[in-house]
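Just so you know, all these numbers are worked out from the coordinates, no wet-lab data involved. It should be emphasised that the depicted structure is a prediction, and the values quoted were computed from it without experimental measurement. Note that each Cβ is placed from the backbone with ideal geometry, even for glycine, and that neighbours are counted across all protein chains shown.
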Amino acid sequence: MPGPEVDRLRVLKDSVAALRRWWYLVIGLTLVGAATGWVTTPPPPSPDAPVESGPVFYRATHTLLMESASSSNQNANQSQVNLAQSAYLVSVGEIPENAAKALGVPVNQVQGSVIGIPRPDVGSIEVQAVAANEEQATKLADAAADALFAYVTDQARLSFESQRDEVVGELNRLDQELTDLLVRISQNPNNVSQLESQHQSLSNQYRLTYERFTQLAERGNGEIDLRSLGPATAVAIGESDYGAMRLQIRDGQTKSTAPNTESEVVKESAPPTPASAPTRAATGGIVGMALSVGLVLGLSRLDSRLRHRDDVEATTGLAVLAEVPPLGRHAVHNSEVIVHSKPRSQAAEAYRVVRSALLLTEPGQALEDKARDGAMVVMVTSANPGEGKTTTAANLAAALAEGGLRVLVINCDYRRPRIRHYLTPENAEAVHQPSAADPTSASRVTVSSTNIERVKLVDGIGEHDPEVNPLDVVAMQRRVIQSARAHYDVIVLDTAPFLTTNDAAELLSETDEILFVVRTGKTTRLAAQRLAELFARMDAPILGVVLNDSAETPAAQYYYTYYLDSSDKKKKSGGTNGSTPASGAARPGETTGEPVVATTSAVTPSSGNGVVTPAPAASGSEHG
């Protein structure tokens, strides 16, 4: 079916994209693994070095045999021994402690040198000990075997006494109940038949319990069927067998067969094969690469940032109007308006798609029909900072102006004003930057020219004033919007991030359309979902999503843009900061003949400096 195939293809693409994003992590861990393998390569032995024989060690064995293995008749009155459990107890618990006390040595010496090996095929336990000399190995094996025998004997005695006491108590209880029943039966009650049945049942229980008592009595005092075959015997072993034995003791493992006892003659060890540094480096590199790939894929699964168009639409429930490709470092660093500087680029076409979505939401609907009281007010916002809303606002204004529309851009993000860097040169200064701390000062607003024809800018409202009242700033912004509707075709609001401040929400009542800006690899799924829910709860006029930095831009756009890069390189790079205003447009910083924004229809021009003082509002401040 096509569905699962598409899903698998998406998973593969996402995995490759994750490896490309974190390529430095893959290369770094691969190099670290290769370097570690190279550095840790042991030096090869010198060819002139003499080959030395290994030292001689000893292994002593003390065998405990179950008599039931040779005579089944003798086993009738003796307790059985669990070979595997008894062998395990040789090196743990109180058995090595008792053996250490008997020898006067530390407990860890016994635990590190003694092991019990069960032989179920012959019904025996071999207590083995290793040491550097024969006498020490023999003493360790004998002491551990004696401690094991004493422990097993004591446990058998305690078990016998416990069972005996339990059976005797049961017999006493049954005897008392039988006596009571006989007394009741002798009284010839109405339920005598029922009492006789109970008496018969208790008699059967008494007989079975008494048989158990007889069996216990025949066992004596809990004797066991385990006997020693004599003192331990020691044999010489090589260094390799000694090391294997110590490793077996340390891991607490047991084997059904003893180690090879024929290695009494210590052979001359062969020289080790020289280690290959390149081979170890290659192995380390492969291990490092495997670990890095696993780490990268794990990080990509935990990454909650949005990266695909369908993910954005599924998370927000909104349509993606356009996918804007990455603009490049030069354009981002220079705050370049790509629609103005490279009008035939793929990114410029994407912003024109947004323009078409704004103007042609419904076929045949005129711009003045979509807007209220004149100009259409478009809010450009995002969930969090750094997602490209200011870049989108500047390029959208340029795309709208291309179609002959008069566009006014209002900076509504007074905390981080950035729109001026896109629309005017860096050395240009605003004609007036009012403060909103004082309502009288805040009522002075200036319309500035920009690098783009038919695009004007209003900024400075509440900027550079740490004591500004947000309510006064929002109230002034609303009055500016209301006054500018009659003089422009489209008003673009570059607002603050919606989830960080409440400024954008205060302007919803003045907004006709909202563009939700999402940046690929930046916006998280939770932030996008929260903002979409806020829009739905506020019944906001949301138009759709602009997806920035998208690597999945539709390939059809290349039909118009594939040849442009070569032609643009022949031209002198003239981004936003270096571009010249089109003919007929005023230079940045100058006031123009365009109507100046006012809060009411009563406007009193000032003395030729392009700054006007609108009539004061009815109240000191207003907010949405």
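Taking label points 7 Å from Cα along the Cα-to-Cβ direction, Arg250 and Val39 give a separation of 2.5 nm.
Distance from the Cα centroid of the range 492-509 to that of the range 26-40 is 50 Å (rounded to whole angstrom).
Antiparallel beta bridges, as assigned by DSSP with both residues in the range 57-237, represent about 95 percent of the total such bridges. Please find the FRET efficiency linking Ala217 to Leu178, where r is the Cβ-Cβ separation and R0 is fixed at 30 Å, and quote it to the nearest 0.05. So, using R0 = 30 Å, E works out to roughly 0.90.
With each label modelled as a point 7 angstrom along the Cα→C-beta vector, the Val287-Arg537 pair spans 5.3 nm.
Compared with the direct C-alpha span, the chain from Ser203 to Ala551 gains 116.2 nm at full extension, assuming 0.36 nm per residue. Placing dummy labels 7 Å off each Cα toward the beta-carbon, the span from Asn502 to His330 is 4.6 nm. For the range 147-162, the Karplus equation 6.51 cos²θ - 1.76 cosθ + 1.60, evaluated at θ = phi - 60°, returns couplings of 5, 5, 4, 5, 5, 5, 4, 5, 5, 5, 5, 5, 5, 4, 5, 5 Hz by residue, with Gly and Pro reported as x.
When each of the peptides 237-246, 167-176, 126-135 is scored by the mean number of other C-beta atoms lying within 10 Å of its residues, the order from highest to lowest reads 126-135, 237-246, 167-176. Sequentially through the range 169-183, phi angles give Karplus couplings (6.51, -1.76, 1.60; θ = phi - 60°) of x, 5, 5, 4, 5, 5, 4, 5, 5, 5, 4, 4, 5, 4, 5 Hz, Gly and Pro residues having no value and appearing as x. This ranking places Arg207, Arg344, Arg59 by how few other beta-carbon atoms lie within 10 Å of each, fewest first, which gives Arg207, Arg344, Arg59. Residue separation of Ser159 and Gln109 scaled by 0.36 nm, minus their Cα-Cα distance, works out to 14.9 nm of gained length. Under 5 Å between amide hydrogens, built in the peptide plane, is the criterion, and for Met376 it picks out Val490, Ile491 among residues at least 5 positions away or on other chains. Per-residue Cβ neighbour counts within 10 Å put Asp251, Asp154, Asp413 in the sequence Asp251, Asp154, Asp413, beginning with the fewest. Each listed q (0.13, 0.14, 0.19 Å⁻¹) maps to a log10 I(q)/I(0) for the range 57-237 from the Debye sum over equal C-alpha point scatterers, namely -0.72, -0.79, -1.13.
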